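Accompanying notes for the structure given below.
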Amino acid sequence: MQEHQPVPGTAAPPAAAAADPVDPFADPRSLQILSTEHWSLLATRSLSWNESYSRAGLFLSVVSATAVALALVGQASEFGQQFVAFALVMLPVALFVGLATFTRLDEVNGEDAVWVAGMNRIRHAYMEIGPGLRPYFITGTTDDPRGLEQTFGIHRPGSAMAHWLVTMPGMVAVIDGVLAGLIAGLAMNEMTRMAMEPSIVVGA
């Protein structure tokens, strides 16, 4: 019967074989792996925030361009029916961009919470490796709501509503509300004008 040679790569390396399977920190490579994962999460958070800034900047650019276009058309049409028709086309487009921006910013905040939870877990591992380091951590070391609040810094005293309004999603939500109000106001005025036109003609 032919004897098969062992397949290269299937045997565990000496360091892993000597490591305690119960203690993940028995392997000297554990700290390097944790550090790499920590920096990976930091880079992912940075990319998420860059996307948030880009989205918000695009939305504000669209709002600014819409305001300039409305001003030019208003001067040219003396704010007549052409201006209303143009506004009812441009403002919904700006509102759509605003709603899409708000939705994406809210998603990014949710993703950011996941990255922060992962970083808190890694800090907890750091403290298990060196228990004496606990006094030097000012951010959270657990992935529960309290640990996330400690890392985000929203545990400080103050109004939660005021904090939300000054965040990027809150700012975009306020601008979206203003755009929606303008659209509703213009539409109601146009519907009222069209409803009153027949009576004016009949009275004449």
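Provide a single number: the residues in region 168-195 that are open to solvent by 40 Å² or more (accessible area, probe 1.4 Å), under 30 Å from SER52 (Cα atoms) and without any contact (Cβ under 8 Å) to a residue 60 or more places away in the chain. Summing the residues that are open to solvent by 40 Å² or more (accessible area, probe 1.4 Å), under 30 Å from SER52 (Cα atoms) and without any contact (Cβ under 8 Å) to a residue 60 or more places away in the chain in region 168-195 gives 5.
Selection of region 55-71 for residues being under 11 Å from the mean Cα position of the chain (by Cα) and open to solvent by 40 Å² or more (accessible area, probe 1.4 Å) yields only ARG55.
Pairing residues of region 120-135 that are farther than 18 Å from GLU149 by Cβ with residues that are open to solvent by less than 20 Å² (accessible area, probe 1.4 Å), at Cβ distances under 7 Å and at least 6 apart in sequence or on separate chains, gives LEU133/MET127; ARG134/MET127. Is it the case that region 72-81 has a residue that's open to solvent by less than 50 Å² (accessible area, probe 1.4 Å) and in a loop (DSSP other than H, G, I, E, B)? Yes; the residues of region 72-81 include at least one that is open to solvent by less than 50 Å² (accessible area, probe 1.4 Å) and in a loop (DSSP other than H, G, I, E, B).
State which residue is nearest to the chain's Cα centre (by Cα) when the search covers only region 82-91 and only residues that are touching a residue at least 12 places away in the same chain (Cβ under 8 Å) and open to solvent by 50 Å² or more (accessible area, probe 1.4 Å). Step by step, filter region 82-91, then rank; the result is MET90. Figure legend. Inter-residue proximity from region 55-70: first residues of a type outside the set (A, V, I, L, M, F, W, C) and at pLDDT 95 or above, second residues open to solvent by 60 Å² or more (accessible area, probe 1.4 Å) and in a helix (DSSP H, G or I), beta-carbon distance below 8 Å, spacing 6+ or different chains. Indicated pairs: THR66/VAL93. Inside region 92-151, residues that are open to solvent by 40 Å² or more (accessible area, probe 1.4 Å), over 30 Å from VAL63 (Cβ atoms), under 18 Å from the mean Cα position of the chain (by Cα) and aliphatic (A, V, I, L, M) make up a count of 1.
The values are calculated or read from the model by the stated rules, or taken from the named source; none is laboratory data. Since we're looking at a predicted model, the values are computed, not measured. All Cβ positions, even for glycine, are placed from backbone atoms using ideal geometry, and neighbour counts span all protein chains on display. With ligands, DNA and RNA removed, areas are computed over all heavy atoms of the protein, side chains included. Shrake-Rupley method; radii C 1.70, N 1.55, O 1.52, S 1.80 Å.
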